[in-house]
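To start, the structure itself, in structure tokens.
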Amino acid sequence: MAVPYAELIGDPVAHSKSPTIHRFWLREMGIVGDYRALRLGPDELAGYLARRRSDPDWRGCNVTMPYKEKVADLLDGVDPFARRIGAVNTVVNRDGFLIGTNTDWQGVNLALEPVGAAGKRVVLIGAGGAARAAVEELRQAEAAHLTILNRSEDKARDLLLRFGGRGATGPVGGDPEADLLINATPLGMAGQPPLAVGLSRLSDAATVFDMVYDPLETELLAEARRRGFRIVDGLAMLVWQASMAFTHFFGEPPPGPDSPRLRELLAS
Ligand code: NAP
């Protein structure tokens, strides 16, 4: 029997928790469907989309590193979120047209909702797709000042323009002053070097948000916790962005996307 399905494409994808999340919701909601992960090489992206376009069971895909920026050129259109952010993390098939959107922004928005970014001095580490989604949120939330630290500083400068240029850029490192510090690089992820950034000049009520979710408590978050700062881990964003994508793929929002049972499953 043909089963409706969605999937994650990227390279690597083996570490991804997306299949666990989407399958959990499919089971919970009694929807017959599947969610898979598919590793694609750079030359395979165009052929993949051409094949899926005519597959009636394919509901769409999530896109991860390193294709979030380049996939847009292969689609029939991108919606205003993805256009403003300059990255696509979700592709849906709308009546034969492949449309790119970006649910990472909503993931950042909902993960930061309890904390808020309005009026804050923010230090953002990274200038890739996830950082772009964060900048869209910081722009909309009217953060007061943004410093972007990135290995390639030219990318940080370009990204700062999307915030209206109010801020500064620099290399990764140092001991920045901030009310909100966000890591949007893979530094600190299992198998990657730790993120070398000091926390001694953060304000007393500062929040540290690490988008990395493997491990859930990175060295950065462990240090932030020791210093008494509020912390937000990568799972919050992951689950919220997935819930938006799930709604696109399967037509209904999952119930209580941040349920403790799902969190427990993902943390194990
Ligand atoms: P991306 O577009 O490839 O961008 C990667 C960013 O990390 C770039 O700024 C890059 O700097 C920097 N970087 C990579 N390796 C580095 C290294 N060894 N030293 C210093 N900087 C390094 O990737 P992305 O999609 O933005 O993802 C970034 C991270 O966010 C990943 O860990 C991903 O898992 C995480 N993420 C989490 C969620 C979630 O829901 N929790 C969602 C999306 C992404 P250059 O510009 O110099 O290359």
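Bear in mind that the values in this text are calculations on the coordinates, not laboratory data. Everything quoted here is computed from the prediction, not taken from an experiment. Ideal geometry is used to build each Cβ from the backbone, glycine not excepted, and the neighbour counts take in all protein chains shown.
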Checklist entry - What is the set of long-range amide H partners of V172 at a cut-off below 5 Å, with H atoms built 1.01 Å from backbone N? => result N150, R151
Checklist entry - Over what distance in Å are the Cα centres of the range 128-144 and the range 64-103 separated? => result 18
Item to check | Point-charge dipole on Cβ atoms (K/R +1, D/E -1) for the range 106-232, about Cα centre, debye to 20 | outcome: 220
Item to check | Cα gyration tensor, the chain - rounded (a/c under 1.5), prolate or oblate | outcome: prolate
Checklist entry - If we count other beta carbons within 10 Å of each Cβ, what is the order of R132, R139, fewest first? => result R139, R132
Checklist entry - What shape does the range 106-232 have by the C-alpha gyration tensor, where a ≥ b ≥ c are the square roots of the eigenvalues, rounded means a/c under 1.5, and otherwise prolate means a/b greater than b/c and oblate the rest? => result rounded
Item to check | Proximal charge balance of L161 [Cβ under 12 Å; K/R count +1, D/E count -1] | outcome: +4
Checklist outcome for this item: Most exposed first, judged by fewest Cβ atoms within 10 angstrom, L159, L40 run L40, L159
Checklist entry - Which value results when the Cα radius of gyration for the range 166-268 is divided by 2.2 N^0.38 Å? => result 1.22
Checklist entry - Using unit Cβ charges (K, R positive; D, E negative) and no other charged atoms, how large, in debye to the nearest 20, is the dipole of the chain about its Cα centre? => result 140
Checklist entry - Taking K68 as the anchor, which lysines have their alpha carbon closer than 18 Å to its alpha carbon, excluding any fewer than eight residues away along the same chain? => result K17, K155
Next on the checklist: Is the C-alpha gyration tensor of the range 223-268 telling us rounded, prolate or oblate? Criteria: a/c under 1.5 is rounded; beyond that, a/b larger than b/c is prolate, otherwise oblate.
Outcome noted: prolate
Checklist outcome for this item: Ranked on Cβ counts within 10 Å of their own Cβ, fewest leading, D76, D214, D154 go D154, D76, D214
Checklist outcome for this item: Kirkwood Rh for the range 16-103 from C-alpha pairs, in Å, is 13.7
Checklist outcome for this item: Only helices counted: for the chain, with every DSSP H run of 4 or more residues adding -39500 (n - 2.57) and the sum spread over all residues, [θ] at 222 nm is -10000 deg cm²/dmol
Checklist entry - Quick one: Karplus J couplings for the range 56-67, per residue in order, coefficients 6.51, -1.76, 1.60, θ = phi - 60°, nearest Hz, x for Gly and Pro? => result x, 8, 7, 9, x, 8, 8, 10, 10, 3, x, 10
